[in-house]
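Below: the structure, in structure tokens.
The values are calculated or read from the model by the stated rules, or taken from the named source; none is laboratory data. Small disclaimer: the values here were computed from a predicted structure and weren't measured. Cβ placement follows ideal geometry from the backbone for every residue including glycine, while neighbour counts extend to all protein chains displayed.
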Amino acid sequence: MHFDYTPKVQELQARLLKFMDEHVYPNEARFFREIAENRAKGNAWIPTTLIEELKPKARAAGLWNLFLPHSPRAPEGLSNLEYAPLCEIMGRVPFAAEVFNCSAPDTGNMETIARYGSEANKDQWLDPLLKGEIRSAFLMTEPEVASSDATNVQCRIERDGDDYVINGLKWWSSGAGDPRCAVYIVMGKTDPEAGRHEQQSMILVPANAPGVTVIRPLSVFGYDDAPHGHMEVRLTNVRVPASNLLLGEGRGFEIAQGRLGPGRIHHCMRSIGIAERALELMCKRLNSRVAFGKPIARQSVWSERIAESRCMIEQARLLTLKAAYMMDTVGNKVAKAEIAMIKVVAPSMACQIIDWAIQAHGGGGVSDDFPLAYAYASQRTLRLADGPDEVHRASLAKLELAKHLALPGEVEMPVTRGS
């Protein structure tokens, strides 16, 4: 495996870092100030003018849709391995990925429509998403069942002539709070009598379809993440054309595996970015403060934490690159163990480093004067999003145990202790 960044990627890195320095970091406070001002006026769910101002600049700089594999519709697209260091840079600031049209859940939804949608689906939804003209949401999780086991999903998708009729209650529908959100990808059951993993399907639902009700936003450790939001959504007798069904009835799990692999690794790439920034902020803070007669940076406990942080980041980055390399070369299915491993490792790593950075900042660390509290809330949430840690660990354990199952007729050798 070779993880050296190609000249093309190095050039994109330099261009992206320059863009971040010129347009993103200087406007970080403005982004949150705009949201606060909108909230004070009575509506936080208004897209910021900052993002809309920066999108054309990012596109003009050739920093657009970098996440999607190269295709006629996405000529700028990169492989997973090429995208990894760029996504990491975007992850240093919470809103940065949207500036480059590389933010969740749109990235996963665009990949889903590109892979599994019809040409008509792509014309109607993928093209405006690729242009950044609309946004989207993914509706899978439900409040009334343990959605960590997606076979529990109860939302019904029933055929009625040339249409499907959808009924169900979803929550944690990220992106559904944005007024630009125009389409949902909904997972539900088309045949409750089919095999356990053949009951579910995915379908495209216009956000303004009759019967769609956005009930409320859900907060994350007190943050509503406006104007993006994580919404509870009810679908009541929502009718859409049968042609909106993706790939075919009973193929929801197949689509989910294709969608969630890239989505999970993109989250992990961004986790490394925010962990790097937290370590940077930690070191700057420790170098600038004196306690008990000497710089805090010279207190031995902080040397331990700084060194451990660097080790943890490098380990997570290497595992991310390995997973990305395997996804590119052997496919998501073969790379499922590596994807599961990094999904467990990266958010936990970022949580620990951000926690130490908060501690280094004292009371300021838990305030909104620094980006650490918000970053911690986001990374802690990732330990649940796209499958909780426990599910990924269970999958890994099954794969590991299967390697060591005795074959029929095979005699296990006893373990002996040498003299």
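Can you confirm whether ILE274 is at pLDDT 95 or above, assigned to a helix (DSSP H, G or I) and not assigned by TED's automatic domain parsing to the domain that holds MET90? First the steps, then the outcome.
Working: at pLDDT 95 or above: yes; assigned to a helix (DSSP H, G or I): yes; not assigned by TED's automatic domain parsing to the domain that holds MET90: yes.
Criteria met by ILE274.
Can you tell me which residue among GLU142, GLU76 is assigned to a loop (DSSP other than H, G, I, E, B), free of Cβ contacts under 8 Å to residues at least 40 places away in the same chain and farther than 30 Å from ARG277 by Cα?
GLU142
Only one entry of TRP125, TRP64 meets the criterion of being surrounded by 19 or more Cβ atoms within 10 Å (Cβ to Cβ), outside any loop (DSSP other than H, G, I, E, B) and among the aromatic types (Phe, Trp, Tyr), and that entry is TRP125.
For beta carbons closer than 8 Å, sequence separation of 6+ or different chains, a first residue in the range 257-281 that is touching a residue at least 60 places away in the same chain (Cβ under 8 Å) and among the acidic types (Asp, Glu) and a second that is surrounded by fewer than 24 Cβ atoms within 10 Å (Cβ to Cβ) and outside any helix (DSSP H, G or I), the qualifying pairs are GLU276/ARG92.
Considering only the range 145-166, state which residues are in contact with a strand residue (DSSP E or B) (Cβ under 8 Å, 6 or more places away or on another chain), assigned to a helix (DSSP H, G or I) and more than 19 Å from ASN109 (Cβ to Cβ). Of everything in the range 145-166, just one residue is in contact with a strand residue (DSSP E or B) (Cβ under 8 Å, 6 or more places away or on another chain), assigned to a helix (DSSP H, G or I) and more than 19 Å from ASN109 (Cβ to Cβ), namely THR151. The residues of the range 242-257 that are part of a loop (DSSP other than H, G, I, E, B) and either touching a Pro at 6+ places or on another chain (Cβ under 7 Å) or of a type in the set (A, V, I, L, M, F, W, C) (or both), listed by number, are LEU246, LEU247. Across the range 154-172, a minimum of one residue is classified as on the phi > 0 side of the Ramachandran plot and not small (Gly, Ala, Ser).
Mind counting the residues in the range 79-96 that are under 13 Å from the mean Cα position of the chain (by Cα) and either at pLDDT below 95 or assigned to a loop (DSSP other than H, G, I, E, B) (or both)? Counting residues in the range 79-96 that are under 13 Å from the mean Cα position of the chain (by Cα) and either at pLDDT below 95 or assigned to a loop (DSSP other than H, G, I, E, B) (or both) gives 3. Within the range 196-224, being touching a residue at least 24 places away in the same chain (Cβ under 8 Å), small (Gly, Ala, Ser) and at negative phi holds for SER201, ALA207, ALA209. Here LEU281, LEU260 are screened, and the one residue that is of a type outside the set (Phe, Trp, Tyr), modelled with pLDDT of 95 or more, part of a helix (DSSP H, G or I) and surrounded by 19 or more Cβ atoms within 10 Å (Cβ to Cβ) is LEU281.
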